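S.K.: Take a look at the following structure, please.
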Amino acid sequence: MIDDGNVRCWPVRDDVALVYHDQEWGRPVRDDARLLEKICLEGFQSGLSWDTILRKRPGFRAAFAGFDPEVLARYRDADVERLLADVRIVRNRRKIEATIANAYATAVMHAAGESLTDLVWAHRAPNRPAPRSWAEVASSTPESAALASELKRRGFRFIGPTTVYAMLQAVGVVNDHLAACFVRDEVEALRIAE
């Protein structure tokens, strides 16, 4: 574990995890490709550790066209077969197919003049006190359940209230950095600026 004297929400084992916690997790994201990536990677993480997904993220980005919804939505059966052989990613047919379906659903929103960003941020919960421990952090909320239902209605797959809540945490819609975490106040200031 890395011990640089900073208090973090969880122990970090390497520089990839350190940078993710300190510079990315919980910071507001308002880009549809990045939000689509987070939704899909949370689905890939199901049953695995987040460290595994984080280490494979460059491979996911390369394999899935940077999560550009319009490009990824055009993937077909041959692309699925190619991805099933791609060692850079988690090779799970259902998760790969869900990622393509999620991109298609996002592209449909774009064609209708809507954005994934607006939909996700419309499910922002009221601010609450900073959690002192992970025991105070819910695995899902009414807002994550509502967003999961709406995403499913729009054709998104391999999502539920728990994976959606993890995505909401990751993209700064909620700030679940623990009260003692050294980046919590900085992340909260960024969220307030939104």
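The values are calculated or read from the model by the stated rules, or taken from the named source; none is laboratory data. Computed from a predicted model, the values in this text were never measured in an experiment. Here the Cβ is made from the backbone with ideal geometry for all residues, glycine too, and neighbour counts use every protein chain on show. Only protein heavy atoms, including side chains, enter the accessible area calculation; ligands, DNA and RNA are left aside. Shrake-Rupley method; radii C 1.70, N 1.55, O 1.52, S 1.80 Å.
S.K.: Using θ = phi - 60° and the Karplus curve 6.51 cos²θ - 1.76 cosθ + 1.60, what whole-Hz ³J(HN,Hα) does each residue of region 87-95 get, with Gly and Pro shown as x?
M.R.: Residue by residue, region 87-95 yields 6, 6, 10, 7, 9, 10, 4, 4, 6 Hz.
S.K.: Something else: Please work out the average accessible area per residue across the chain, using the 1.4 Å probe convention, and give it in Å². Kindly include the intermediate steps, with their values, before the conclusion.
M.R.: Values: 9220 Å² over 194 residues.
In whole numbers, the chain has 48 Å² accessible per residue.
S.K.: Which semi-axis lengths, in whole Å and largest first, follow from the square roots of five times the eigenvalues of the Cα gyration tensor of region 135-194? Don't jump to the answer; show the numbers that get you there.
M.R.: On the way: eigenvalues 123, 33, 13 Å².
That gives 25, 13, 8 Å for the three semi-axes.
S.K.: Here is a follow-up. Picking from Ser49, Ser144, Ser115, which is most flexible by a Gaussian network model of the chain using Cα springs under 10 Å?
M.R.: Ser49
S.K.: Of all the accessible heavy-atom surface of the chain, with the other protein chains kept in place and a 1.4 Å probe, what percent is carbon and sulfur?
M.R.: On the way: 4890 of 9220 Å².
C and S atoms contribute 53 percent here.
S.K.: Taking a spot 7 Å from the Cα of Thr52 along the direction of its beta carbon, which residues of region 1-45 have an amide N less than 12 Å from it?
M.R.: 44-45
S.K.: Another question, if that's okay. Per DSSP H run of n ≥ 4, the term is -39500 (n - 2.57); total these for the chain, divide by its residue number, and report the mean residue ellipticity at 222 nm rounded to 500 deg cm²/dmol.
M.R.: Dividing the helical sum by the residues of the chain leaves -15500 deg cm²/dmol.
S.K.: Right, here's the next one. Suppose the chain between Ala180 and Ala112 were pulled fully straight at 0.36 nm per residue; how much longer would it get relative to their current alpha carbon spacing? Each step should come with its number before you reach the end.
M.R.: On the way: separation 68, 0.36 × 68 = 24.48 nm, distance 4.31 nm.
The span from Ala180 to Ala112 would gain 20.2 nm if fully extended.
S.K.: OK, next. In region 152-191, whose amide N lies under 17 Å from the spot 7 Å out along Cα-to-Cβ of Arg94? List them in ranges.
M.R.: It comes to 152, 156-164, nothing else.
S.K.: May I pose another question? Stretch Trp134-Gln23 to full length: gain in nm at 0.36 nm per residue minus the Cα-Cα span?
M.R.: Full extension from Trp134 to Gln23 adds 38.0 nm.
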